[in-house]
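S.K.: Quick one: this structure, given as structure tokens, is what I'll be asking you about.
The values are calculated or read from the model by the stated rules, or taken from the named source; none is laboratory data. What you see is a predicted model, and the numbers here were worked out from it, not measured in a lab. Here Cβ is always computed from backbone atoms with ideal geometry, including for glycine, and neighbour counts include all displayed protein chains.
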Amino acid sequence: MIRRSICLIILFVLLSSQALVAQMFSVKSGDKPSDDDASSFGYSTLYFSVSNADLSFQGNKNIPGFIPLNFSGTVFSLGYENDFTIIEVSLGSRLTGISNDSEYFGIHFKNMRPLLRFGSNSLNVQVPIGIAFDYTRASDTRSVISANNLNQSGLMGGAGLKFVAEKASFYLSAGGDFFYGVSFADGSAFRGNTMRVNLPIRLMLKDLIGSKDLSFGATYIFKSIDVTNDPNERFDYDFSGIQIMIGLNF
């Protein structure tokens, strides 16, 4: 399943890279921007983040030998994001402060493009649409059977609303997006469903460290996993947290 997940991520990255190159070419080949928009080059950053994550079980708790993988604590993430794409890897364990001797590993990929856009380059409102891929693995030492471990992937489509303000010295964005799609877990087929909500805000200060841009941000994340073809509902979980990030644009 991990190999399948990695292949999907590589495919999505290749597709989004081609779309991004095409969009950059179209911008460069257009008219020269006005003085107000001359500094507008968008947003991109390599970042590190900390989340107060919470994983709560929502399924059938009356299964012999089953111990839900509930936990709360700190999850660390490394990632890259720009105006359109996020690629992120997250880790959590007893060493990071997660309860119940749990371990967490997650991969998140999202690519969104504006379907509608109102305003100028320096101040605009967007209605983006796109796709997202999530991989979630959770386990703990209390589990007495391997089937207790959560090993889930989800492929989703979604839309959102985004506000962008950009000047010579800063870039600011805020908004939200909603994704819904199919999921599989523990080797099952695409018969379940998954949902994710992101509410991000970003501030990038341009040329703050020499020619480098420093970024700050926060995101509220909620994700629901419901693998409906599991008769015992072992893989129904909600994941939530507030993610605080800091990043640097090279």
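S.K.: Checking the condition on the phi > 0 side of the Ramachandran plot, surrounded by 14 or more Cβ atoms within 10 Å (Cβ to Cβ) and in contact with an Asp or Glu (Cβ under 7 Å, 6 or more places away or on another chain), which residue from 73, 42, 97, 59 passes?
M.R.: 42
S.K.: What do you reckon, is residue 208 more than 25 Å from residue 118 (Cβ to Cβ), in a strand (DSSP E or B), out of contact with any Asp or Glu (no Cβ under 8 Å at 6 or more places or on another chain) and free of Cβ contacts under 8 Å to residues at least 24 places away in the same chain?
M.R.: So residue 208 fits the description; yes.
S.K.: Follow-up question, since we're still on this one. Are any of the residues in the range 112-127 within 25 Å of residue 92 (Cβ to Cβ) and in contact (Cβ under 8 Å) with a residue 12 or more places away in the chain?
M.R.: no
S.K.: What number of residues within the range 76-114 are closer than 24 Å to residue 174 by Cα, touching a Gly at 6+ places or on another chain (Cβ under 9 Å) and of a type in the set (A, V, I, L, M)?
M.R.: The number of residues fulfilling the criteria is 4.
S.K.: Further question: List the pairs whose first member sits in the range 48-66 and is within 16 Å of residue 140 (Cβ to Cβ), whose second member is of a type in the set (A, V, I, L, M) and in a strand (DSSP E or B), and whose Cβ atoms are under 8 Å apart, counting only residues at least 6 apart or on separate chains?
M.R.: 53/75; 55/138
S.K.: Further, regarding this structure: In this structure, does residue 48 turn out to be hydrophobic (A, V, I, L, M, F, W, C) and under 16 Å from residue 148 (Cβ atoms)?
M.R.: Considered against the rule, which asks whether it is hydrophobic (A, V, I, L, M, F, W, C) and under 16 Å from residue 148 (Cβ atoms), residue 48 comes out as no.
S.K.: Another question about this same structure. Could you tell me whether any residue of the range 105-113 is basic (Lys, Arg), more than 23 Å from residue 60 (Cβ to Cβ) and surrounded by 20 or more Cβ atoms within 10 Å (Cβ to Cβ)?
M.R.: yes
S.K.: Looking at the range 130-159, I want the residues that are farther than 14 Å from residue 65 by Cβ and small (Gly, Ala, Ser) and have a partner that is assigned to a helix (DSSP H, G or I) and at pLDDT below 95 with Cβ atoms under 8 Å, at least 6 apart or on another chain. Which pairs are those?
M.R.: Correct list of pairs: 139/148; 153/4; 153/5; 153/8.
S.K.: Also, quick follow-up: Please go through the range 33-52 and give me each residue that is modelled with pLDDT of 95 or more and among the aliphatic types (A, V, I, L, M), ordered by number.
M.R.: Those that are modelled with pLDDT of 95 or more and among the aliphatic types (A, V, I, L, M): 46, 50.
S.K.: Go through the range 170-183 and give me each residue that's surrounded by fewer than 21 Cβ atoms within 10 Å (Cβ to Cβ) and in contact (Cβ under 8 Å) with a residue 60 or more places away in the chain.
M.R.: 173, 177
S.K.: Among the hydrophobic types (A, V, I, L, M, F, W, C), closer than 27 Å to residue 117 by Cα, loosely packed, with under 14 Cβ neighbours inside 10 Å and at pLDDT below 95: is that true of residue 189 in this structure?
M.R.: Spelling it out, it is not the case that residue 189 is among the hydrophobic types (A, V, I, L, M, F, W, C), closer than 27 Å to residue 117 by Cα, loosely packed, with under 14 Cβ neighbours inside 10 Å and at pLDDT below 95.
S.K.: How many of the residues in the range 206-226 are in contact with a Pro (Cβ under 9 Å, 6 or more places away or on another chain) and of a type in the set (Ser, Thr, Tyr)?
M.R.: Number satisfying all stated conditions: 2.
S.K.: Next question. May I ask you to list the residues in the range 211-250 that are surrounded by 15 or more Cβ atoms within 10 Å (Cβ to Cβ) and assigned to a loop (DSSP other than H, G, I, E, B)?
M.R.: 227, 230, 233, 234, 235
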